[in-house]
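Please read the structure below before turning to the comments.
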Amino acid sequence: MAALSQASAAALARLRAFKPPPSQYTKLPLTRRAAVLILLFADRRGDLRVILTIRSAKLRNYAGQAALPGGKADTEQETAWQTARREAEEEIGFPSDDDELPKGYSMEELTELPMNLAMTELGVRPCVAWLRSLNGSSDIAKDLLPKLDAREVAAVFTAPFEQFLKEKDDGVVEGEWYRGAWHSWYHEPWRMHMFHVPVSQKSVFRSQEVENTRLDAATAPCSPESKAPVLLADRAAQAYGKPAPKSGHAKKVDKSLAQKDALDIPRYRVFGMTARILVDAARVAYGREPEFAHNSHFGDEDMIVRLIKMGRLQPKKEKGEILTRDVMQAAADVKLSGEEKGKL
């Protein structure tokens with residue numbers, strides 16, 4: 001196995017030592033629980049990389065977005081780790097049982113991070129794992145991801161983990177690495193991160209079912225050329241009862257992009273909650289703050305307990321029920337007892 005870089009070894013040690021605060025995860029109804037797997041491995045230089053997916057074009061929610069493997073819990077007894085690993089097996093073929101890992105590989109569960117609150121009103125628990133290669137291989141897609149569920153995943157790719165703390169990359173691939181903006185998501189300004197991960201066709205593992213992997217470069221959220229950030233801002237504006245940005249504010253897109261497949265573009269956009277989770281995970285791992293503006297708190301455990309206390313996040317979501325600015329502000333004003341504060 002290639003030796004880990006000093007920075008990578010220190011990052012793994014910090015993740016092992018991280019003790020997450022008590023979580024509200026098991027207090028959420030089953031229908032509100034979800035988990036994602038942050039699966040780290042070392043490249044040939046000993047630097048850490050993380051495995052990401054591009055969601056299928058056929059999905060009802062977040063089609064064409066970059067995401068971490070994961071999904072909703074199946075049973076009350078299923079832990080966040082079990083959910084994350086089961087979903088990773090279903091989506092990308094990564095074995096949920098350590099005994100089924102190919103010879104020469106082992107996996108270590110490093111830590112869990114505080115829950116994040118999704119716009120779909122799910123509590124999402126990130127689970128961070130270290131995939132160790134004992135045979136020196138760094139071709140994770142080839143060795144471990146033999147089957148993608150094309151109904152859910154169009155492709156798998158990897159990104160440099162430490163890079164999620166940096167404002168610029170090495171620029172070997174044309175295009176910008178980071179762009180950020182403040183949005184009205186919570187009761188306070190919310191930083192939206194957008195990273196543009198350089199890829200090559202040798203490093204992208206695609207589903208064999210072409211009809212689910214063909215993504216229009218002009219509209220697919222994973223494409224840096226698409227209008228995804230504008231569409232996201234529209235959704236947030238509508239949720240807060242504000243008029244959506246006028247079409248004149250939208251970024252003009254080259255019509256020729258409609259003939260291109262987003263998965264053939266040299267950079268993939270990673271944004272939204274996935275980007276925020278990666279930033280927070282990297283903050284813990286490398287023991288420093290990012291070079292760009294960000295929200296300083298980790299996860300949304302505080303907001304989740306407040307929403308629960310005011311009667312939100314019930315097992316069944318009522319029609320038309322959304323987390324508006326007024327709801328989030330009301331939750332922020334909820335008084336917590338000393339015991340409740342101590343559990344956060």
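Which part of region 52-75 falls in the paramagnetic zone of residue 214, meaning amide N under 17 Å from the point 7 Å along Cα-to-beta-carbon? Residues passing the 17 Å test: 56-59, 64.
Cross-link pairs exceeding 20 Å in C-alpha to C-alpha distance, out of 27/72; 72/227; 27/317; 72/309; 202/227, comprise 72/227; 72/309; 202/227.
What's the local net charge at residue 125, with K and R +1, D and E -1, over the other residues with C-beta under 13 Å away? Charge balance near residue 125 sits at -2.
By count of other Cβ within 10 Å, fewest leading, how are 87, 188 ordered?
By the 10 Å Cβ count, ascending: 188, 87.
Extension gain for the segment residue 119 to residue 167, taken as residue separation times 0.36 nm less the Cα-Cα distance, is 14.7 nm to one decimal. Here the simple spin-label model places points 7 Å from the Cα toward Cβ, and for residue 297 and residue 58 these points are separated by 4.0 nm. Taking amide H atoms as placed 1.01 Å from N in the peptide plane, the amide H of residue 71 lies under 5 Å from those of 35, each 5 or more residues away in sequence or on another chain. Under the simplified labelling scheme, the residue 322-residue 174 pair shows an inter-label distance of 3.8 nm, with each label point 7 Å from Cα along Cα→Cβ. Length available on full extension from residue 13 to residue 106: 0.36 nm per residue minus the Cα-Cα distance, which gives 31.8 nm.
Taken together, the values in this text are just the output of simple stated rules run on the coordinates, not laboratory data. Note that the structure is a prediction, hence the values are computed from the model and not measured. Cβ coordinates were reconstructed from backbone atoms using ideal geometry, including for glycine residues, and neighbour counts include every protein chain displayed.
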